[in-house]
Every structure is written in C-alpha cells, then in structure tokens.
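The values are calculated or read from the model by the stated rules, or taken from the named source; none is laboratory data. All values reported here derive from a predicted model rather than from experimental measurement. A quick note on method: Cβ atoms are made from the backbone with ideal geometry, for glycine too, and the neighbour counts reach across all protein chains shown.
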Amino acid sequence: MTWQRILMAFGAFVLLVSLPACVQDKGQAKTVVVHAADLRRDTIGVKGMTCVGCEVTVEEKLSGIRGIVQVRASHKADAVVVEYDRTKTNPDAIRETIRRAGYQVVSAK
C-alpha cells in the first residue's frame, strides 16, 4: 500500500496524516500526533523478501503496531525503514513483528 504523507509542525508536536494513495484500497486515513522529540526513524535489514507482495506483507504487519507512523519496505534493498513514536513502541517489537511475518532480521542499518 502506498501512502502519501502530510506533515505539519505545531511547536513541539508533529502531526502526521497519511492518506492512501490508491482508492482501490480499503485503507482509511491514519492520523498520528507525535511529540517531535519522540519521533524515531530506523532502517532495519531484512532477508527473505523476494517481491512486492513481501513488501506489502511487512508493511501491513508493521502498520498494525500502535505508534507506527510510516513503513517502507524494499525487497531490492533488503531493508525496512520505519518511523515510529518511541513512547508507544520500540525497535524490539518492530523486529519481532518482522520475524513473526516470516522474515529474518539481519541488522539495523
């Protein structure tokens, strides 16, 4: 699923509104308010993704975690870039979700 992101800053807070880029998806707009100091971005090495379907699987699983703001998976780069609110989730929960989806976490890049 491809999402377009709108970012608005209000003092110490960041409002991220993600809108589905394609209408055929049943996706709903996702609004997340994150204190700017709590927003983190990690790149995680992942083995086992072989196609766009794998990317979608990883993105959907991670998007279900409370505190996830945005996910971009790439089977070509063997990586997942995750933006999240560190007060609501953590890198261990993200890596465990990737493993439970059937992929191998190889490193944080």
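Among the candidates V80, V58, the residue that is assigned to a strand (DSSP E or B) and either at pLDDT below 95 or of a type in the set (V, I, T) (or both) is uniquely V80. Taken over the stretch 52-87, residues that are free of Cβ contacts under 8 Å to residues at least 40 places away in the same chain, under 25 Å from D38 (Cα atoms) and of a type outside the set (G, A, S) amount to 7. Of all residues in the stretch 89-109, those that are closer than 17 Å to R40 by Cβ, free of Cβ contacts under 8 Å to residues at least 40 places away in the same chain and charged (D, E, K, R) total 2. When G53, G67, G48, G102 are screened for being on the phi > 0 side of the Ramachandran plot and exposed (fewer than 15 other Cβ atoms within 10 Å of the Cβ), only G102 passes. Quick one: would you say V106 is modelled with pLDDT of 95 or more and either touching a Phe, Trp or Tyr at 6+ places or on another chain (Cβ under 8 Å) or of a type in the set (A, V, I, L, M) (or both)? Criteria not met by V106.
All conditions but one from (1) among the hydrophobic types (A, V, I, L, M, F, W, C); (2) modelled with pLDDT of 95 or more; (3) surrounded by fewer than 17 Cβ atoms within 10 Å (Cβ to Cβ) apply to L15; the one that does not is (2).
All of (1) outside any loop (DSSP other than H, G, I, E, B); (2) at pLDDT 95 or above; (3) surrounded by fewer than 18 Cβ atoms within 10 Å (Cβ to Cβ) hold for T31 with one exception: (2).
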